[in-house]
Amino acid sequence: MTEQEDLLPIFRLKRDISEIYFKAFFHNHEFQEGMNPTLMQTLIYLEFMGSSSMTRISQILQLEKGSFTPVAKRLVDMGYVVKSRNEKDKRIFELSLTPRGKALVKEFKREHGDYIHRSLSAISEEEKKEYFSLIEELNRMNRKLRKELGIKGIFD
C-alpha cells in the first residue's frame, strides 16, 4: 500500500462513525426550539467533564474562540449554562450546566442512545460483539498513540 492508501481507511472510519452515529441523528432529531448540534454538543461535553473553560470547550468543538463566544452566550441566555470567572485566574471564564441543562442532556442522551440501538439492529448479535470489540481495540491503540505523541485526549 502507498502512504495515501494507508490513510484512506482512517478517513473513511472518521466519516462513517460521524455519519452513522451523529450526523444522521442530528439531521432527523427535532431539537428544542433554539437548539442545534453545536449547542447540544457543548452541553454534552459539560455533562461529561463538569465545569470547563470556554477556551477548552472551543478547542474540543474545534471552533475558534471568537466563534464559540456566541454559542456560550446563547446557552446562558437560554438558561442551560451559567458562566462564571475561574476562582484562581479571573481572566478565565468557565461554563457549567444548570439543572435545566442537565435535564435537557439527559433526555437527549436517552433519545440518541435509542437511535444508536435501533441503528445497530441492522447487524447480528455476533457482529455487534465483534464490532464493539474492534472499537475497544481501536480506542486502546489510540490511547497508546496519544500517550506516545503527547496528545491530550478530550476526556483525559
Any idea which residue in region 101-142 is surrounded by the most Cβ atoms within 10 Å (Cβ to Cβ), counting only those that are among the basic types (Lys, Arg) and more than 30 Å from Leu75 (Cβ to Cβ)? Lys128
Filter result (part of a helix (DSSP H, G or I), open to solvent by 30 Å² or more (accessible area, probe 1.4 Å) and either closer than 20 Å to His112 by Cα or touching a residue at least 12 places away in the same chain (Cβ under 8 Å) (or both)) within region 28-74: Asn28, Pro37, Thr38, Gln41, Ile44, Glu47, Phe48, Met49, Thr55, Ile60, Thr69, Arg74
In this structure, is Val82 aliphatic (A, V, I, L, M), in a strand (DSSP E or B) and surrounded by 13 or more Cβ atoms within 10 Å (Cβ to Cβ)? yes
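Of everything in region 18-66 that's among the acidic types (Asp, Glu) and in contact with a helix residue (DSSP H, G or I) (Cβ under 8 Å, 6 or more places away or on another chain), which residue is farthest from Lys88 (Cα to Cα)?
Top of the filtered list is Glu64.
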Failed item in (1) of a type outside the set (Val, Ile, Thr); (2) in contact with a Pro (Cβ under 9 Å, 6 or more places away or on another chain); (3) at pLDDT below 90, with Lys23 passing the rest: (3)
Considering each of Glu148, Glu111, Glu107 in turn, give the residue that is farther than 29 Å from Ser51 by Cβ and part of a helix (DSSP H, G or I). Glu148
Condition test on Thr98, is it farther than 23 Å from Ala24 by Cβ and open to solvent by less than 40 Å² (accessible area, probe 1.4 Å)? yes
Looking at Glu94 and the list (1) closer than 27 Å to Ile17 by Cβ; (2) in contact with a Ser or Thr (Cβ under 7 Å, 6 or more places away or on another chain); (3) of a type outside the set (Val, Ile, Thr), which single condition is not satisfied? (1)
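The values are calculated or read from the model by the stated rules, or taken from the named source; none is laboratory data. This structure is a prediction, so every number in the text was calculated from the model and none was measured. Cβ sites come from the backbone with ideal geometry, for glycine too, and all protein chains shown count toward neighbours. With ligands, DNA and RNA removed, areas are computed over all heavy atoms of the protein, side chains included. Shrake-Rupley method; radii C 1.70, N 1.55, O 1.52, S 1.80 Å.
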